[in-house]
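A short worksheet on the structure shown next.
Readers should treat all values here as calculations from the given coordinates under stated rules, not as data from a laboratory. Computed from a prediction, not measured in an experiment: that's the story for all the values here. Positions of Cβ are backbone-derived with ideal geometry, glycine not excepted, and every protein chain shown enters the neighbour counts.
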Amino acid sequence: MQPSEDLLEMIASFSGNLVALTGAGISADSGIPTFRGKDGLWNRYLPEELATPQAFARDPELVWEWYAWRMRKIFKAEPNPAHIALALMERKGLIKAVITQNVDNLHERAGSRNVIHLHGRIDEMRCTECGKVVEVTEPPESIPPHCRCGGLMRPNVVWFGEALPQKELNLATELCSSNNVVVIGTSALVQPAASMPFYAKRNGYHVIEVNPNTTPLTGIADLSIREKAGKAFEEVCTILKEEEIR
């Protein structure tokens, strides 16, 4: 059988007891630079030097210039077959939720409804004074932006040294502990998300890994698809679309 056939057959066998855990690899196939992108403008900065509360307090304009660049890249990107396949799977009842480490909104734009953002969202800003959250569809015109209350706005994402949102973390942990998990495009190195597939395995569920490279999950995976996310789900996406038409 072809890898895509193996993938779809195993997914169908789970009867909807499945969640997806996605990382940077799924969005890289849509042309979004990874966190450590190679753009020359930002080569001299480490992400750890910009994505921290300390960096923002020291130079909010510099941090916002970087995020404005990332926003422009993300807002121009389009969902790829992996994003679309997950949305179709949710619609068909094959998957319960998507848990993502990405801050983009490509899952939602592809049609997924139950998306859990572990690291926040780049299409939102949050006031550092009153806590108000504002949705955005383009980078702010004025950098750094300010809230109506006068407080400084920041990207509504999780920075180095900050805790993950507890509600989302608890929900993701619960879902991965009680369902099969398909892990797509993540190196499985960033905690606590890296441990979540192990919860599934420990409780007798299956783990599927979709990644062009081996990861710490490879040893426990029931099925490993050695492809990039978009390629791995290309045929799955086609099959699911054809089934919707019938």
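Here are the numbers for the structure shown:
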{"quantity": "Using distinct alpha-carbon pairs, which all enter the 1/r mean, Kirkwood radius of the range 124-164 in Å", "calculated": "10.7"}
{"quantity": "Descending semi-axes in whole angstrom, ellipsoid equivalent of the range 84-227, from the Cα gyration tensor", "calculated": "32, 16, 14"}
{"quantity": "Per-residue HN-Hα couplings for the range 166-179 [Karplus 6.51, -1.76, 1.60; θ = phi - 60°; Hz; x = Gly/Pro]", "calculated": "5, 4, 5, 5, 5, 5, 5, 4, 4, 5, 6, 7, 10, 8"}
{"quantity": "The chain - Rg (one decimal) and Dmax (whole number), Cα, Å", "calculated": "18.5, 60"}
{"quantity": "Only Lys, Arg (+1) and Asp, Glu (-1) charged, at Cβ; the range 79-168 dipole about Cα centre in debye", "calculated": "360"}
{"quantity": "Under-5 Å amide H pairs with A97, H placed in peptide plane, nonlocal only", "calculated": "A20"}
{"quantity": "Kirkwood hydrodynamic radius of the range 98-145, Cα pairs, Å", "calculated": "12.0"}
{"quantity": "Sites S15 and R58 - FRET efficiency at Förster radius 41 Å, r taken between beta-carbons, to 0.05", "calculated": "0.20"}
{"quantity": "Simple label model, 7 Å out from Cα along Cβ direction - I239 to L152, nm", "calculated": "5.1"}
{"quantity": "Length-normalised contact order for the chain - Cα pairs under 8 Å, 6+ apart - percent", "calculated": "24"}
{"quantity": "Isotropically averaged projected area of the range 18-146, using the convex hull of Cα atoms (one quarter of hull area), nm²", "calculated": "8.2"}
{"quantity": "Amide hydrogen neighbours beyond the local backbone of E227, cut-off 5 Å, H modeled", "calculated": "N211"}
{"quantity": "Given charges at beta-carbon only (K, R positive; D, E negative), |dipole| of the chain in Debye", "calculated": "300"}
{"quantity": "Farthest toward positive dipole pole in the range 40-176 [+1 Lys/Arg, -1 Asp/Glu at C-beta], among A57, N80, N102", "calculated": "N80"}
{"quantity": "Proximal lysines to K132, defined as alpha-carbon separation beneath 29 angstrom and excluding residues fewer than eight positions away on the same chain", "calculated": "K73, K76, K167"}
{"quantity": "Nearest-ten-degree value, helix 81-91 long axis tilted from longest Cα axis of the chain", "calculated": "70"}
{"quantity": "Top positive-direction residue, dipole computed over the chain with Cβ charges, set A28, N156, A12", "calculated": "N156"}
